[in-house]
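Structure first, then comments.
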Amino acid sequence: MPLTLHPALPSDIPALVATALSAFWYSGQDRVLLSRDPFKEETAEGEGGKKKGETIRGFFERRYRDQWLEDADLRVMKVVERRKSGSADRADGENVAGGGRAGAGQGEAEAEGQGDWVGEKVVAAARWHFYLAGSTEGREPEEKGGKVEDKKTEYPEGIRGGMLNELSATTKRYRREIMGDNPYILLSSLATEPAHHRKGAGSMLLKWGTERADGAGLPMYIESTEMGKPLYEKFGFETVHVMETDLATFGGRGKDKRYLMIRTPRERHVV
């Protein structure tokens, strides 16, 4: 099925979160931060009718919505695949553009043939933060160069909150040291569902971002995993520092590596 690139909408958030969790959980990367499969959580009432707490997916969806509302510099792009109702899909059945199951929002079915329908399934997505002209507007408080406040976040069962806080604080500290208050474009996340690895979806997203960075004459910055590093290098990113976290501190094994990478703009184009 053909892949196409589109701006994402807030109604896509459930599909965007599902894509990201699918990409990192099934590659093994999120098993550092998560202690259970986010696609096998129960959302119904527990024993004796007791309501269960927030799910992992619900937690990240809520954070995504908050950031979307608060960050004026945020741009989210998605890659979608046109799919028939009989196409193979994830067992969770919710990774559909527009959020929810097929038949709602942007992924609403269209009648075709003998009652078949065609929907749009999100297969990859990227979040870009355009910090133009040295502006800090829309950045999180930690990104404004001031004092980092001690935020108390309540994490649902299944998320290793201490480890997530440590990784987040450390990456932001390095980002401030490397980029300072200079204008740049931050690629805060890029995720492709496992079934679409090496099929061009990630390259479509990077091409969109790098073209705009070159047009504006701005550098780009990313904190990459080991898996994503070769693709970013293909688009001109270079590693400036390797950040290592000892997982034994949080009850894990080995070290988590993040490659802090910068891409300098190519020849500026007039647009």
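Coordinate-derived values only; no laboratory data. Model, not experiment: these values are computed from the prediction. Cβ coordinates were reconstructed from backbone atoms using ideal geometry, including for glycine residues, and neighbour counts include every protein chain displayed.
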Burial ranking of peptide ranges 8-21, 157-170 (average Cβ count within 10 Å, highest at the top): 8-21, 157-170
Protection-proxy order for peptides 238-248, 205-215, each taking the mean of Cβ atoms within 10 Å per residue, highest first: 205-215, 238-248
Taking r as the C-beta separation of Arg266 and Arg176 and R0 as 30 Å, the FRET efficiency to the nearest 0.05 is 0.70
Could you pull out the pairs from Lys172/Lys207; Lys78/Lys172; Lys121/Lys234; Lys121/Lys257; Lys199/Lys229 whose alpha carbons sit more than 20 Å apart here? Lys172/Lys207; Lys78/Lys172; Lys121/Lys234; Lys121/Lys257
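Say R0 is 25 Å: what FRET efficiency, to the nearest 0.05, do Asp246 and His197 get from their beta-carbon distance?
The value I calculate is 0.30.
Could you tally the net charge around Thr192, taking each other residue with its Cβ under 13 Å from the Cβ of Thr192, Lys/Arg +1 and Asp/Glu -1?
+2
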Between Ser35 and Glu238, Cβ-based FRET efficiency (R0 45 Å, step 0.05) works out to 0.85
The simple spin-label model distance between Leu164 and Arg63, using points 7 Å out along Cα→Cβ, in nm, is 0.4
